[in-house]
Amino acid sequence: MLDSVTHSTFLPNTSFCDPLMSWTDLFSNEEYYPAFEHQTACDSYWTSVHPEYWTKRHVWEWLQFCCDQYKLDANCISFCHFNVSGLQLCSMTQEEFVEAAGICGEYLYFILQNIRSQGYSFFTDTEETKAAIKDYADSNCLKTSGIKSQDCHSQSRTSLQSSHLWEFVRDLLLSPEENCGILEWEDREQGIFRVVKSEALAKMWGQRKKNDRMTYEKLSRALRYYYKTGILERVDRRLVYKFGKNAHGWQEDKL
DNA sequence: AGTAACTTTCCTGATT
DNA sequence: CAATCAGGAAAGTTAC
């Protein structure tokens, strides 16, 4: 059951998710406050969503967190460069980060890559990563005073890290805000869904796996292997799949 | 270090 | 014709 509630309960909006106080202060200036889409009904905080699925608002929340926690100088950050979705943010190179935020950009890039590869648990989970953060910050004359265990969450173990394709697909289906019409339910009760944007799906999966050579052809081959194990069942229609008896966490009444 | 499960890559051929 | 589906084969990756 635990793994079926992944993104929605990944992190409660508590502790370090101290809201928009300093953010508002920082960006009360119009020119640094580009309009981004209004938060939808699905009002998630950035920590509850994988970076690739962040909305522009999530990206801003993340920047705010970084500024607050790592004492980054917000004046160094060109916020119009970060008026992007999570998908776009994840495709930015280190150079682009530096261009957008100088030395802070380097640090932001480092933090983002760690979140992407290790989940939010990288903040606390191992001494190694803590040391890595400290080393990195030290070598760049940045403060790490904000990185404290109490800033994080004991329950931050989730499937963010889980890289199984079917779970990725399931979680995307369960996140209407993030999936951008890439996947859609055809029969919610029976677990039948359709791949609407096959290339986008492959791209997103490729980003998750850090593999820019991923294609829908290859992704679909992996999906077909699931027929054997009962994770998926065959539906004789193009781009249509159905969760099988061994898939879990997708059913509405069991979430 | 070995293994098994899972994923990626490539391929041939069929279907839509 | 292009996109997709079906799987076999083999190599690569990851978790334990």
(message) Let me make sure I get this right: for segment A:165-243, a, b and c are the square roots of the gyration tensor eigenvalues over alpha carbons, sorted descending. Under 1.5 in a/c it's rounded, otherwise prolate if a/b > b/c, else oblate. Which is it?
(response) oblate
(message) Let me make sure I get this right: for segment A:202-247, a, b and c are the square roots of the gyration tensor eigenvalues over alpha carbons, sorted descending. Under 1.5 in a/c it's rounded, otherwise prolate if a/b > b/c, else oblate. Which is it?
(response) prolate
(message) For A:ASP187, A:ASP253, give me the order by solvent-accessible area with a 1.4 Å probe, most accessible first, ignoring ligands, DNA and RNA.
(response) A:ASP253, A:ASP187
(message) Leaving out ligands and nucleic acids, and using a 1.4 Å probe, what accessible area per residue does segment A:165-243 come to in Å²?
(response) 53
(message) Rounded to the nearest percent, how much of the accessible area of segment A:190-255 (1.4 Å probe, protein heavy atoms only) is carbon and sulfur?
(response) 47
(request) Could you sort out which of A:LYS56/A:LYS242; A:LYS218/A:LYS242; A:LYS209/A:LYS242 sit more than 29 Å apart by Cα distance in this structure? (result) A:LYS56/A:LYS242
(request) From largest accessible area down, sort A:CYS76, A:CYS180, A:CYS90; use a 1.4 Å probe on the protein chains. (result) A:CYS180, A:CYS76, A:CYS90
(request) Just need the relative contact order of segment A:165-243 here, percent rounded to a whole number, with Cα pairs under 8 Å and 6+ apart. (result) 26
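The values are calculated or read from the model by the stated rules, or taken from the named source; none is laboratory data. Predicted model, so just to flag it, every value in this text is computed and none were measured. The protein model used for the area step is the full one, side chains on, heavy atoms only, and it has no ligands, DNA or RNA in it. Shrake-Rupley method; radii C 1.70, N 1.55, O 1.52, S 1.80 Å.
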